[in-house]
């Protein structure tokens, strides 16, 4: 694998790993504040980020040397509204800057597996961003978010509210591969 794409994979793994843990902690805070649906959303998205990290890891599991991950992970947790804003900021960075750049480099370097893994995450992060914006609007008005079941594809992490699709629109996995957070 080309070095730049390899470093991007390591960085993406680090970022998704941190997001997984950050969102798990944010879920606990939301639960404490009585926002049970926001807590469930954070839990579902944390699981999707875990899948993204695992997908990235599989692409670079061949590494025998150490790499330093630069993840751009946001710190400074607080109340649920702030935590949702941190989630929005992180997802926005991934959608507008990180994954588009990583995909371009992977494509330019002919790294198909890396491109696929980056693209799966990119497509999913757009959904996370929309869900977090919806949740923040509710929390900022003093309410828990009105949220149907959240479905997460166990192959690519694609996240959708409501019923799981017959086929994942990102990776093509069958409906049985979706885990429900209800």
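Every number here is computed from the coordinates shown, using simple stated rules; none is lab data. These numbers come from a predicted model, not from an experiment. Counting neighbours? That spans all protein chains shown, and the Cβs are built from the backbone with ideal geometry, glycine included.
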With the checklist (1) under 15 Å from residue 87 (Cα atoms); (2) in contact (Cβ under 8 Å) with a residue 40 or more places away in the chain; (3) crowded, with 23+ Cβ neighbours inside 10 Å in hand, flag the one item residue 133 doesn't pass.
(3)
Single condition residue 146 does not satisfy, out of (1) without any contact (Cβ under 8 Å) to a residue 60 or more places away in the chain; (2) over 15 Å from the mean Cα position of the chain (by Cα); (3) surrounded by fewer than 18 Cβ atoms within 10 Å (Cβ to Cβ):
(1)
Mind checking whether some residue in the stretch 73-81 is within 17 Å of the chain's Cα centre (by Cα), surrounded by 13 or more Cβ atoms within 10 Å (Cβ to Cβ) and in a helix (DSSP H, G or I)?
no
Filter the stretch 15-36 down to residues that are more than 24 Å from residue 99 (Cβ to Cβ), assigned to a helix (DSSP H, G or I) and in contact (Cβ under 8 Å) with a residue 40 or more places away in the chain, then give me how many there are.
3
Within the stretch 152-169, of all residues that are touching a residue at least 40 places away in the same chain (Cβ under 8 Å) and crowded, with 20+ Cβ neighbours inside 10 Å, the one farthest from residue 38 (Cα to Cα) is 156
Run down 103, 98, 108 and say which single residue is free of Cβ contacts under 8 Å to residues at least 40 places away in the same chain, within 26 Å of residue 8 (Cα to Cα), out of contact with any strand residue (DSSP E or B) (no Cβ under 6 Å at 6 or more places or on another chain) and crowded, with 18+ Cβ neighbours inside 10 Å.
103
Inside the stretch 1-14, can you point out the residues that are farther than 14 Å from residue 98 by Cβ, part of a helix (DSSP H, G or I) and touching a helix residue (DSSP H, G or I) at 6+ places or on another chain (Cβ under 9 Å)?
6
